[in-house]
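What follows is a single structure, written as C-alpha cells, with notes after it.
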Amino acid sequence: VAGGAVLAAAAGPAAWRLLTGGRRRVLPLAAAALAVAAYQLCYFAAVGRTGVAVGTVVAIGSGPAFTGVLSWLRHGARPGRRWTAATAAAVAGCAALVLGGQAVGVDPAGVLLALLGGLLYGFYAVTAARSITAGAASGAVMGVMFGGAAVVMLPVLLWGGTPLPADPRGLLTALYLGCATTALSYYLYGRGLRTTPVARAATLALTEPAVAALLGVAVLHERLTAVSWAGLALLGAGLVVVALPARAGAPEAGPQARACGERAESSA
C-alpha cells in the first residue's frame, strides 16, 4: 500500500493523463494492477503453506519463464537460445542457492499458489513493457499499476486485522519497505524496460536472491553450504550471460516489442 501510494504520487499528472488516454490504455493497466495485488496475496499464501525457501524459489524462479512465454505470445518475440539457456541456469542456481541442499517439505497447494504468483508477475511485467514501448512514461505506468494495486490492497490491510507498527522503528521499517524496496525498485525497473526486453529484465531480477545471500554472509554473518555457493556461482554466470549484448544479427525481443507497441499506438 505504501509503495503504490508513493509511486502514484511521484507520477502525478502523468499518471492522470495515462488514465484518461482511452480504454485501450486503461483496461490493460487496470488488469495489471489487479495482477500486482493478486501476486502479493499468492506469494505470501504460498510461503505460509510451503515455506519461505520453496515458495520463494518457485515464485521468483518461474517469473522469468512465464515472462518469456507471455512476451512471445503477445509480442511475437520468441526468446533466443542464449536467453533460454542462461535463464534456465540462473533459475537452477537460484534453487540451489536458496535450498542449499537442505531437506524441505513441499505442499502442492503452496507450489501452485507460487506458480500462479510467477504467472501474475509475468503478466504485469509484459503489460508494463507493452505500455512503455508504446510511448507511455515509465513512471506513469508504474504509478497507475501500483497505485491501483494499493487501492485494491487497502481493504485487505484494514479488514484483515493487520496491526500497524506502533513503535518508531517498526514504522520506519514499514516505510522503508514501501518507499525503497517497492517504490524505488519498480521505478527503476520501469525505466529499465524502456531499453531492455522484458524477458531479459525478468531474468536480471534474479539478482535479488543473490544479493540477499551475499548480504546475509557479510552483514548477518550467515554461512552458506557448498551447494549454496555453487548455486550462487551458477546464478551469477547466468545473469552475466543474459546481461551481455546480443550478437550482431541475432534476434532480439526489444525491437519486435517496440514495433508492436508502435503499431498499437498508431492504430489507437
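Data for the structure
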read-out	value
Filter result for Leu73 (open to solvent by 20 Å² or more (accessible area, probe 1.4 Å) and within 30 Å of Thr20 (Cα to Cα))	yes
Residue in the stretch 89-116 that is nearest to Leu232 (Cα to Cα), counting only those that are in a helix (DSSP H, G or I) and either open to solvent by 60 Å² or more (accessible area, probe 1.4 Å) or among the acidic types (Asp, Glu) (or both)	Leu115
Number of positions in the stretch 117-166 that are closer than 16 Å to Val198 by Cβ and open to solvent by less than 20 Å² (accessible area, probe 1.4 Å)	14
Matching residues, the stretch 16-46, being open to solvent by less than 30 Å² (accessible area, probe 1.4 Å) and under 25 Å from Ala5 (Cβ atoms)	Leu18, Leu29, Ala32, Ala33, Ala35, Val36, Ala37, Cys42
Selection count, the stretch 186-237, where residues are open to solvent by 50 Å² or more (accessible area, probe 1.4 Å), farther than 27 Å from Val6 by Cα and among the β-branched types (Val, Ile, Thr)	3
Residue satisfying condition, being of a type outside the set (Gly, Ala, Ser), assigned to a loop (DSSP other than H, G, I, E, B) and at pLDDT 90 or above, within set Thr196, Thr203, Thr182, Thr162	Thr196
Condition check for Thr50: without any contact (Cβ under 8 Å) to a residue 60 or more places away in the chain and more than 17 Å from the chain's Cα centre (by Cα)	no
Checklist (1) touching a Gly at 6+ places or on another chain (Cβ under 6 Å); (2) loosely packed, with under 12 Cβ neighbours inside 10 Å applied to Arg169, failing item	(1)
Residue within the stretch 122-142 that is closer than 30 Å to Arg82 by Cβ, in a helix (DSSP H, G or I), at pLDDT 95 or above and out of contact with any helix residue (DSSP H, G or I) (no Cβ under 8 Å at 6 or more places or on another chain) present	no
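The values are calculated or read from the model by the stated rules, or taken from the named source; none is laboratory data. As the structure is a prediction and not an experimental result, all values here were calculated from the model. So basically every Cβ, Gly included, is an ideal-geometry build from the backbone, and we count neighbours across all protein chains shown. When the accessible area is computed, the model is the full protein with side chains, heavy atoms only, and any ligands, DNA or RNA have been set aside. Shrake-Rupley method; radii C 1.70, N 1.55, O 1.52, S 1.80 Å.
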